[in-house]
1. For chain A, calculate the relative contact order in percent as a whole number, restricting contacts to Cα pairs under 8 Å that are 6 or more residues apart.
2. Give me a comma-separated list of calculated 3J(HN,Hα) values for region A:191-199, in order, Karplus coefficients 6.51, -1.76, 1.60 applied at θ = phi - 60°, integers in Hz, x for any Gly or Pro.
3. Could you work out how far the C-alpha centroid of region A:196-227 sits from that of region A:172-188, in angstrom?
4. With an 8 Å cut-off on Cα pairs and a minimum separation of 6 or more residues, tell me the relative contact order of chain B in percent.
5. Given a 10 angstrom Cα cut-off, can you work out which residue in A:S51, A:S262, A:S150 is the most mobile in a GNM of chain A?
6. Of B:T21, B:T44, A:T210, how do they rank once you tally other Cβ atoms within 10 Å and put the fewest first?
7. For the protein assembly as shown, what does the alpha-carbon gyration tensor say about shape, rounded, prolate or oblate, given a ≥ b ≥ c as the root eigenvalues, a/c under 1.5 as rounded, and a/b over b/c as prolate?
8. Which order do B:V159, A:V241 fall in if you start with the one that has the fewest other Cβ atoms within 10 Å?
Amino acid sequence: MADNATLIVPNRFKDQYDFEYVIDLQDRVLGGARDLDCSRITFIEPYSMLSLLLLGRNYLRKSGNKLRLWNIPLNIHQYLHRMDFLKMGVFEITGALNEKMLLKRSSFSNRVIEITEIPNKERESVKVIATVASVFRKRAQHILKHWLSSDRIIDYFVTVISEICQNIYEHSLDSGYLAMQTYSVGRQNIVRLSIADSGIGIVKSFENNTVAYDSHAHLIELAITTPISSKREFGYGLCQVNSIVEKLKGNIFLRSGDASVSTLYHKKTQGSSFLFHKNDLSNFDGTQISITLTG
Amino acid sequence: MIILIKSKAEKLKLKMPDLLTRPVGRVMYESISDSVADIHNGETLVLDFGGIKVIDSSFIDEMIVRLILDSQSSERPFYMKLKNLSEIAELNIDLVFRSYSNYKNKKIVVITENICHNNAFFIGPLSDQERDIVEFLRVNKSITLDDAVDFAKRPGEKVRKLLEDLHAMRAIKKQDGAVFFAV
């Protein structure tokens, strides 16, 4: 039976909106829970996986101890192992998987980019970005199988990866993580690139800047849609990412601190609203981005 | 002077086919700057991007934008032309140039060897009139002010200003203050 130090994690890992339920439980985790009972989780996607990783890292930094994950269903355990989640050294895991139960790095390997740490130092980060771009190019035929009408889309994603990863070491003042995967839900094919950090976040990054905004979500919108920069006179990165995702008719979800913005270009029809703000969410340190194509 | 970016990147041991991030842009800029030290006044520097796929905005800002600003120096003016750009390279350069031009209130533009997706032989935020003059020069190779006035059907002073502005951007060449050439 679960005690006060154990939190039964709800089965809320299917997308970025679903994961808000887990973020709402963050205070209980950081406030004293030591064990996360994962028995109810049936599915986990890249954004939720990286955010869980950040939650564990925040706990480790705050308490000096690792959160313990237990009762992990076999398929989830296999997936987390395969995505190098367990290699990050953030969690204590009970019940190691038998070697025979591990997912082989075979055809599945081509559909993912495993969790990669993006350092917060420029020199190291440049090498990692080049390596991620190279791995992505090798696997792109599989990752983007359902979207590959031309090689152009591969170049678009290399640009997106590069621009967002550079923001981590230029603005967040912390390291972050990247992961990518293509998967199916029902008859829908999804490719999701997630890049997340637990750094200072967008609002703090702009605190000494003259950019005027009405709400935290509005500032996130400005960061996505206009070439503003917290460090230089102007910036290009997120703006270019937004322009590419619009061309691809995808979806950007960007969460920072207590606000988020979603741009749903795949649902945009002429004149319709496609950008949604959320303010006053539970605070979650740093900036988390998810780029999704569905088809 | 022609510089093959792929060969340069190989010599600098940069990972390809993509050239990404500010540090990589800085390394490439320093290397090209060394080569450009020998360029003659009024010479054209051709940067051939054959074999390169993605150049991101940070690389463009550190390398191409800085070289364009260098080319505008009055001490040793030179011209630039880009060749064999990928579609994404064109797109990223265009975004950087437009942002730069908006925020600095100073247009930057670069001439290209190949036709671009904007159906022109340049990248950057030129007005329709500027675009027409650049295209007119590309076809005719060289023109006088009178030729340009005839073509533009606008007052001479306005056309002269247009030509001078395009020359300041290094989008066209000028000789003896009277004849203009395509880059």
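1. Result for chain A is 15 percent.
2. For region A:191-199, the Karplus-derived couplings read 10, 10, 10, 10, 9, 9, 9, 10, x Hz, x marking Gly and Pro.
3. 22
4. 18
5. Evaluated over chain A, the most mobile residue of the options is A:S150.
6. Ascending Cβ contact count within 10 Å gives the list A:T210, B:T44, B:T21.
7. It comes out prolate by the Cα gyration axes.
8. Fewest-to-most ranking of B:V159, A:V241: B:V159, A:V241.
Each value in this text was obtained by applying a stated rule to the coordinates, not by laboratory testing. Please read these numbers as outputs of a predicted model, since none were measured by experiment. As a convention, Cβ positions derive from the backbone with ideal geometry for all residues, glycine included, and neighbour counts pool all protein chains shown.
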